[in-house]
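J.: Have a look at the structure that comes next, please.
Values in this text are rule-based calculations from the coordinates and carry no lab data. Predicted model only: the values in this text are computed from it and were never measured. Note that each Cβ is placed from the backbone with ideal geometry, even for glycine, and that neighbours are counted across all protein chains shown.
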Amino acid sequence: MPRPHVRAWFDRLFDLLPPVTSLGAALAVASILLIVMNANVGEAYLALAAGAFGTENATAETLVKAIPVLFIAIGICVAFRASVINIGGEGQMIAGAVAGVTIAIAFGGRLPPLLVIVLSLLAGFAAGAVYGGIAGFLKAYFNVNEILSTIMLNQVAVQMMNFLLNGPLLDPTEVGTNHIPKTARILNELQLPRLTIGWFDGVEVFARTRLHYGLILAILLAVVVYVLLWHTPIGYRIRAVGFNDRASRYAGINVRRQVVLAMCLAGGCAGLAGVVQVLGLQYRLQTDGSPAGFTANAGFNGIVAALFGGLNPFGAIPASIFFGGLLVGAQNMQRDIGVPASLITAVNGIIVIFAVSSQVFVQRRRQRRRNIEINPPTTASSPEAAAATRKAQA
Amino acid sequence: MIEQVFTASVFAAALRLATPYMFASIGEMFGQRSGVLNLGVDGIMLMGAFFAHYVALMTGSAVLGVGAALLVGALLGLATAFVSVTLKAEQGISGIGMYLFGLGMSELLFQRLVGTPRSVEGFSAIYIPLLSDIQFLGIGEIFFRHNILVYVAFALVPISAYIINRTPFGLMIRAVGQNPQAADAMGINVARVRYMTVILGSMLAGLAGAALSVALLKVFQQNLTSGLGFIAVALVYFGRWRPVGIMIGALLFSFVNALQLQISAIGLNIPSEFAVMAPYVITIIALVFASRQTEKPDALTKPFERGE
Amino acid sequence: MNKRLVTLLLVMAALLVGVLPTVNAQDDVFRVAAVAPSATNDLAFSQSMFDALTLVDAEMGDAFDFVFQEGTFVVDDAAVALREWAASGEYDLIIAHGSQYGAIVEELAPEFPETSFAWGTDQNTFGLPNVFAYTAAAGEGGFLNGAMAAMMSESGIIGVVGPIEVGDAKLYVDGFVAGAAAIRPDVQVQVTYIQSFSDVPLATEAANTFVANGADVLTGTAQMVVGPIAVATENGIPWFGTQSSQADLAAESGVMFQVYRWDVVLMDMIASIQGGTLGGEAFTLTLANGGLQMVMGQRGM
């Protein structure tokens, strides 16, 4: 048996397997596709990289793109840790945006700006949580598969948004016109400030870009969710249910409640993605009738980023930035050398497939590791845990 | 008023609309009965739709197009099975990966190989002699004036029910889906059965795409399916993993869709957002009722580990 | 603590890759960049702008150049492209081709007062001196199409497939309905807005529903009409189109197409910018100024 520190080092290396293999495989497939399309592979990747990080503005746009993806990914970490497959990020994000913009418009100018922003964020979280909670409730108490219900609820959410934007939420100055339906613009004082970073000699980075404080909010949320998942009883119960729901039930955990809670938290994070997108970037809600017109597929990309980050909120941060860069860079690739951005959609799919396939190897290894660590019952943090893990091994 | 809404043509439209769902859902059912959830149906449909359309465009033969769709479905099914069965990846997520791959790839191929939307000859409606002339209750119009793939889709219901319930292969599928350990002990090759069902299901998903691009719509465009494949997966649950149940679900969903178009066409004043929303809401409600007494395969989404 | 760490990482990332120098357009070539929601060959809205730019390119030759980002249905992706182009300083005119992009232009244009922007379809320049707006009086061609459709219809029922009830789609549909009613007050025009610009299966079934209800002429607008066109062809009934010419796809069904000739307003804008005026004006394509052109299909000849 290898010495402990060698083991730990080896384990850490093994954790890097899914991102590295999936990225390598995706790059290989993308290169083949580019060659088949008679595109210069090197040129294409250069355009991709330059579009993502080539200029100050490109880097800022990458981060801007990463913000909603990160919010969703953090929520996905909670849901997937409870073994709840939440595909409803799109709908929950829309629900959050609708609630947030409603509060911002209703109370803007009547209450102190900071209070309105906080209320708006809370409303977004609550709306997303309720919307996610519906799917959680249906799964826990009616045995409705959450993958299916969340997919359906995505469609319902977008039509609900279309209806509200055409009616009650329509910008009053737009009534009777035939413009794309949109809400009124939120007051300037309610906008999340642009994020500039002071550097030495008074140089400011990201000064003339769209980067906003949503990034800080998302990172704070990652910290909160990390603490919640790994350092509170709530998080422990959620993970126990995900690890083995039968064992958790024997251990006295209310499995149904954890499932609903996990979906509420995941939905709440997605709801925040929506409201931050409004307060920080678009300053209003508008629709072209399709869900992606507003969400930019963040609900799906968030899943990819969460997996890529090893279902850990901190891992989700670089993963979201990476995918933000991929998406922004893909647009540049299209502009510069005419490679359709759909190539990146396909490559993203390949990354997901490889990431989730190689994840299995890591999990199996982790499970073995955990068994070794937890086997003596005295090291378990609570009797519940010991019971749960004993049952899990049975 | 009522007779204006519930016309024979609405029922006929429901049958037509149900066709792609039925191919995809029945295919999905085979995989799920053996314990594999394939969530990538929509992506496979898109690839099937593209290749069917492209081959039909190049050769002028819709039959060859269908063959291409079946072939590409089989290949993607092989990949899905490899990921789900051999590598034992989380099925819900790898399916999203397959969906994104199909979505991006079909668009890329379309842009490069075809470019602008073009229509194909495709399959036209076949009027079944005598039967299509029945005026009584509009039976002729509802049932007997469809293209060949509509008939095939409905013929698939008894055929697949027979395969699942009455053949040794069906017995193996059910055994593997209910209790893979026991099946393994009985000498059934679990992995092989699952490979076969997933490949068969994906071929039917490819066929569902072909039904859109060479029979119902006769054109191809980016994201042609608009998420139809996800509904197809939901219908499997709705239909409680039985072909007849799936048919009923597909017909109900399609009927609500046809109805909302009819209501809009004759100018009844319902906000169109709610009309578009209706099929999804009804599916959720139906899922609630369908899931109470579940007949879900016990091993669904669970990879098989020998000797646990 | 954490925030500072992240800040540091971000800054390092930004510095590592460096900041590329920007080049200003000093030569005599007039450079245009445009972003559009769907493909350049969608036979509809996006194609109309791509075709127009291609025409201008042919006319001006070496003195003109353009780049085009297609398929940008994600509104925020357009914001990225527009900002990149504006920041590069390489373009004399930046076009946001889609009314959903208006809010972006409103935010962006004041930040880049030296660059000229154009967006449509709309008439609102936001009171900004460097924004042009352009729109199409789509109701005019709609009226003509509707009138002719009413004349061709024997059953007196006409089907219209629309996306969402906004912009030039609404103008076209309203004009079409008015045109049909002007010729035959008893004509019944059935309109369905399917709440999507891209859902081909739904658009197709909407068209099938019209045919089942006795419609013997069809029309529609937005890129999902490729489905309804196939329905018209299949049933051998006339099809009327708008935005771009769909004559090739519609073949023997196509009667008349209203084509947006954005090149007319583009030439005006280019002249204006070369004269030193960067915006502040709204342009409208009409039949009178040649911006709207009626093109005959096979069935119309």
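J.: Sort A:Cys269, A:Cys264 so that the residue with the fewest other Cβ atoms within 10 Å of its own Cβ comes first and the one with the most comes last.
T.: Details: A:Cys269 35, A:Cys264 27.
The fewest-first ordering by Cβ neighbours comes to A:Cys264, A:Cys269.
J.: Arrange the following residues from fewest to most other Cβ atoms within 10 Å of their Cβ: B:Ile93, C:Ile95, C:Ile157. Show your work: numbers first, answer last.
T.: Numbers: B:Ile93 25, C:Ile95 30, C:Ile157 18.
Ranked by crowding around the Cβ, least crowded first: C:Ile157, B:Ile93, C:Ile95.
J.: Here's something else I'd like to know. Run the helix sum for chain A: -39,500 (n - 2.57) per DSSP H stretch of 4+ residues, divided by residue count, reported at 222 nm to the nearest 500 deg cm²/dmol.
T.: -24500 deg cm²/dmol
J.: Once you've got the GNM for chain B with C-alpha springs shorter than 10 Å, pick whichever of B:Leu131, B:Leu71, B:Leu235 has the biggest mean-square fluctuation.
T.: B:Leu131
J.: Ordered by residue, what ³J(HN,Hα) values in Hz, to whole numbers, does the stretch C:205-222 give under the Karplus form 6.51 cos²θ - 1.76 cosθ + 1.60, where θ = phi - 60° and Gly and Pro are x?
T.: Each residue of the stretch C:205-222 in turn: 5, 4, 5, 4, 4, 4, 4, 5, 8, x, 5, 10, 9, 10, 8, x, 9, 4 Hz.
J.: Residues with amide H under 5 Å of C:Ser38's amide H, sequence separation 5 or more or different chain, H placed in the peptide plane at 1.01 Å from N; which?
T.: C:Ser46, C:Gly71, C:Thr72
J.: Using the Karplus equation 6.51 cos²θ - 1.76 cosθ + 1.60 (θ = phi - 60°), what ³J(HN,Hα) coupling, rounded to whole Hz, does each residue of the stretch B:235-242 give in order, writing x for Gly and Pro?
T.: Calculated HN-Hα couplings, in order: 5, 5, 5, 4, x, 6, 6, 10 Hz.
J.: Now for a different question. Using each residue's phi in the stretch B:249-257, evaluate 6.51 cos²θ - 1.76 cosθ + 1.60 at θ = phi - 60° and report the 3J(HN,Hα) Karplus result to the nearest Hz, with x for Gly and Pro.
T.: x, 4, 5, 4, 4, 5, 5, 4, 5
J.: Continuing with this model, one more query. In terms of Cα to Cα distance under 16 Å, which aspartates and glutamates are near enough to A:Lys182, apart from those fewer than 8 places away along the same chain?
T.: Counting by Cα, and skipping residues close in sequence, A:Lys182 has these aspartates and glutamates nearby: A:Asp171, A:Glu174, A:Asp288, B:Glu273, C:Asp76, C:Glu106, C:Glu107, C:Asp122, C:Glu165.
J.: If amide hydrogens are placed 1.01 Å from N in the peptide plane, which non-local residues have theirs closer than 5 Å to the one on B:Tyr127?
T.: The answer is none.
J.: Could you pull out every residue, at least 5 positions away or on a different chain, whose amide H is within less than 5 Å of the one on C:Phe283? Hs are placed 1.01 Å off N in the peptide plane, and Pro or chain starts have none.
T.: Here C:Ala133, C:Tyr134, C:Thr135 satisfy the definition.
J.: Taking 8 Å as the Cα distance limit and 6 or more residues as the minimum spacing, I'd like the relative contact order of chain B as a percentage.
T.: Answer for chain B is 37 percent.
J.: Under a GNM of chain A (C-alpha, springs under 10 Å), which listed residue has the highest mean-square fluctuation: A:Ile303, A:Ile350, A:Ile94?
T.: Answer for the Gaussian network model of chain A: A:Ile350.
J.: Let me ask something else. Can you tell me the orientation of helix C:226-235 relative to chain C, as the angle in degrees between its alpha-carbon axis and the longest Cα principal axis, to the nearest 10?
T.: Approximately 20 degrees, to the nearest 10.
J.: If you don't mind, another one. Ignoring everything except DSSP H segments at least 4 long, calculate the 222 nm mean residue ellipticity for chain B; use -39,500 (n - 2.57) per segment, divide by total residues, nearest 500.
T.: Value at 222 nm, helices only, nearest 500: -21500 deg cm²/dmol.
J.: Right, next: Nearest 500 deg cm²/dmol is fine: what mean residue ellipticity at 222 nm does chain C get from its DSSP H runs of n ≥ 4 alone, each adding -39,500 (n - 2.57), divided by its residue count?
T.: -13000 deg cm²/dmol
J.: Also: Averaged over its residues, how many other protein chain Cβ atoms are within 10 Å of peptide B:7-15's Cβ atoms?
T.: The mean count of partner-chain Cβ atoms within 10 Å per residue comes to 2.
J.: For the protein assembly as shown, what proportion of DSSP beta bridges, expressed in % and rounded to the nearest 5, is antiparallel?
T.: Antiparallel bridges make up about 25 percent of those DSSP assigns within the protein assembly as shown.
J.: So for the stretch A:17-393, what percent of the C-alpha to C-alpha distances run longer than 31 Å?
T.: Details: 28217 of 70876 pairs.
Beyond 31 Å sits 40 percent of the P(r) for the stretch A:17-393.
J.: Could I ask something else about it? First select every other residue whose beta carbon is under 12 angstrom from the beta carbon of C:Val225; then total the charges, Lys and Arg +1, Asp and Glu -1.
T.: Neighbourhood net charge equals -2.
J.: Follow-up. Provide A:Lys139, A:Lys182 in ascending order of the number of other Cβ atoms located within 10 Å of each residue's Cβ, fewest first.
T.: Placing the least packed residue first, the sequence is A:Lys182, A:Lys139.
J.: Just name one of C:Thr219, C:Ala86, C:Val32: the one whose Cα is farthest towards the positive end of the charge dipole of chain C (beta-carbon charges, Lys/Arg +1, Asp/Glu -1).
T.: Farthest along the dipole direction, towards plus: C:Thr219.
J.: Which of the peptides C:82-92, B:75-85 is most tightly packed, and how do the rest follow, going by the mean number of other Cβ atoms within 10 Å of each residue?
T.: Values: C:82-92: 21.1, B:75-85: 22.9.
Ranking the peptides C:82-92, B:75-85 by packing returns B:75-85, C:82-92.
J.: Which order do the peptides C:99-108, C:287-296, A:271-280 take when ranked by the mean count of other beta-carbon atoms within 10 Å per residue, highest first?
T.: Ranking, from highest mean packing down: A:271-280, C:99-108, C:287-296.
J.: Also, I was wondering about something else. Roughly how crowded by other chains is peptide C:208-218, in terms of the mean Cβ count from those chains within 10 Å of each of its Cβ atoms? Don't skip to the end; give the middle numbers.
T.: Numbers: counts 8, 13, 3, 1, 11, 8, 1, 1, 0, 0, 0.
Neighbouring Cβ atoms belonging to other protein chains average 4 per residue here.
J.: How would you rank B:171-178, A:184-191, C:191-198, highest first, on the average number of other Cβ atoms within 10 Å across their residues?
T.: In decreasing order of mean packing, B:171-178, A:184-191, C:191-198 become C:191-198, B:171-178, A:184-191.
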